[in-house]
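Notes follow the structure.
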Amino acid sequence: MLCILILQSCMKSKEIETSLETTKIAFGSCSWEGHPLPIFDKIRQHGPNLFIFLGDNIYGDTENMDTLRAKYKRLGSKESYIKLKNQVPIIATWDDHDYGWNDIGKSYPHKEESKEIFLDFFEEPESSSRRQHKGIYHSYMYEYSGNKLQIILLDGRTFRDDLKPYEGEFDHDERFSFYHKDYAPHATSTPTLLGEEQWNWLEKELKVPADIRIIGSGTQFGIEWNGYEAWANFPHERKRMLDLIKKTKANGVLFISGDVHYSELSKLETDFYPIYDFTSSGLSSTWKFATPNKNRIEGPVMDNHFGLITIFWEPDNTTIKMETWDISDNQRIEYTFPLKSIQFNE
C-alpha cells in the first residue's frame, strides 16, 4: 500500500523556508540514546524537508522489551531530538541494534514485540499498512509541483537468513589483511535477505510512477565485500535487486544506507545506469577505520555527521546533490549529478 503525502502539509514549523523547486532530505544512522546527540541541532540548521533514520536509531540489544521501551524513551526525551521532531517530519526503518541485537536476522525471538515498540515510538498511524504485514518495510510518495519523489524503506532484518561465517575465502587479497573479517558471501541463491513477501511488494512499488526513488537500507548496498554485514554477503539478492530495477524500468533509483559508523559514496556500475549508495552512519558513533571499497568515489568521513540530499527540480534538467556534513558543520562530501544519468534510455 502506497502512502501518499504532500510534504508541505507535513511541515511542523514556519522556520523552514523552502521552494517548490528544491527538496532537502537529511538522513543518518547509529545514534546511541545515551549520547546528547548535538548532531540533531546541526541537521535542523540546514532546514531539511524530511529526516530519515536508517537504523541503529537506538542501541537496544536486548530480549527485555521494558529495556527496549526505556531506551526509546531516553531518545525521545532528549532535547535535541525533541527540537528536531518539532521542526522536521521523521520517518524510519531499523537495523540490527534497534531490531534485536548485533547482526541478528529472522531468528530474533521478539521481532513482533520489537516491531510494535518501534512503530509506536515513531507514531505510525493505527491504519498504516506497516501494522498489517510482517516486518516494517514501507513506501512514501511526496509531490512537488508535479514531480514525484518516492522513498522506499526496506526491512533487512525480519526475513533475513543467517550470515555465512568467514573461512578465509579472501585471505589472498592483501587489501583485507589488516582487520578481522566475520562473514563471507553466500555461494548459493537459497538464503534470502528481504524474503519473498517483501520482494513481491517491492516489485509493485517500483512500478509506481515516480521521478526519483530513494531506497533506504540499514546495511550498505553498493560496496564490495569487506567481511562485515552488507548486501555483498548476499550477492544473489543484490543481483536480484538490480535485475528488478531493470525489469520494472524504474527510473531515478538511488540508495541510502547506514551501519558502518562512517560516511562514503559508492557507485555501482550496471548495464542500465549507475546505482549510487550514499552511506551516512555516525550520528553519535564513530569507527577507527574504513574498509577497502573499490566502488567508493567519495569519503570516507570518520567523524560524527549526517547525510543531506538536495534535489533541484527543473524541467528536463533536475540535478541531485549529495553532501556529508560533520558535527562541526563542515561539508566533507559534495557530489552532484543530473537526474538524466540515472534514467533508462528510451
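The values are calculated or read from the model by the stated rules, or taken from the named source; none is laboratory data. If you're wondering where the values come from, they're calculated on a predicted model, not measured in any experiment. With ideal geometry, Cβ positions are generated from the backbone for all residues, glycine too; neighbour counts draw on all protein chains shown.
For beta carbons closer than 8 Å, sequence separation of 6+ or different chains, a first residue in segment 150-167 that is over 16 Å from PHE221 (Cα atoms) and touching a residue at least 40 places away in the same chain (Cβ under 8 Å) and a second that is buried (at least 20 other Cβ atoms within 10 Å of the Cβ) and acidic (Asp, Glu), the qualifying pairs are GLN150/GLU205.
Total residues in segment 8-29 satisfying the condition of being touching a helix residue (DSSP H, G or I) at 6+ places or on another chain (Cβ under 8 Å) and either modelled with pLDDT of 95 or more or of a type in the set (Phe, Trp, Tyr) (or both): the figure is 3.
Every residue, every condition in (1) at pLDDT below 95; (2) hydrophobic (A, V, I, L, M, F, W, C); (3) touching a strand residue (DSSP E or B) at 6+ places or on another chain (Cβ under 9 Å), yes or no:
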| position | (1), (2), (3) |
| --- | --- |
| MET141 | no, yes, yes |
| SER145 | yes, no, no |
| ILE151 | no, yes, yes |
| ASP173 | no, no, no |
| PRO185 | no, no, yes |
| LEU193 | no, yes, no |
| GLU196 | no, no, no |
| LYS207 | no, no, no |
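Each residue in segment 303-322 was checked for being closer than 15 Å to LEU265 by Cβ and crowded, with 16+ Cβ neighbours inside 10 Å, and 8 of them qualify. The residue pairs whose first member lies in segment 200-226 and is touching a residue at least 12 places away in the same chain (Cβ under 8 Å), whose second member is of a type in the set (Asp, Glu) and part of a helix (DSSP H, G or I), and whose beta carbons are closer than 8 Å, counting only pairs six or more residues apart or on different chains, are GLY218/ASP96. State whether one or more residues within segment 57-73 are surrounded by 16 or more Cβ atoms within 10 Å (Cβ to Cβ), modelled with pLDDT of 95 or more, more than 22 Å from GLY218 (Cα to Cα) and not basic (Lys, Arg). No, there is no match, as no residue in segment 57-73 is surrounded by 16 or more Cβ atoms within 10 Å (Cβ to Cβ), modelled with pLDDT of 95 or more, more than 22 Å from GLY218 (Cα to Cα) and not basic (Lys, Arg).
For segment 118-157, name all the residues that are in a strand (DSSP E or B) and within 28 Å of GLY105 (Cβ to Cβ).
The initial filter retains those residues of segment 118-157 that are in a strand (DSSP E or B), namely 138-144, 147-153.
The answer is HIS138, SER139, TYR140, GLN150, ILE151, ILE152, LEU153.
Criterion first (buried (at least 23 other Cβ atoms within 10 Å of the Cβ), more than 15 Å from the chain's Cα centre (by Cα) and farther than 12 Å from ILE223 by Cβ) does TRP287 satisfy it? Full working, then the answer.
Working: buried (at least 23 other Cβ atoms within 10 Å of the Cβ): no; more than 15 Å from the chain's Cα centre (by Cα): yes; farther than 12 Å from ILE223 by Cβ: yes.
Judged against the criteria, TRP287 is not a match.
In segment 61-84, the residues that are acidic (Asp, Glu) reach residues that are not in a loop (DSSP other than H, G, I, E, B) with C-beta atoms within less than 6 angstrom, at least six apart or across chains, in these pairs: ASP61/HIS97. Within segment 262-271, identify whether any single residue is part of a strand (DSSP E or B), more than 20 Å from ARG332 (Cα to Cα) and within 17 Å of the chain's Cα centre (by Cα), and answer yes or no. Looking for residues that are part of a strand (DSSP E or B), more than 20 Å from ARG332 (Cα to Cα) and within 17 Å of the chain's Cα centre (by Cα), one finds at least one in segment 262-271, hence yes. Does HIS261 satisfy the condition of being farther than 24 Å from HIS97 by Cα and modelled with pLDDT of 95 or more? No.
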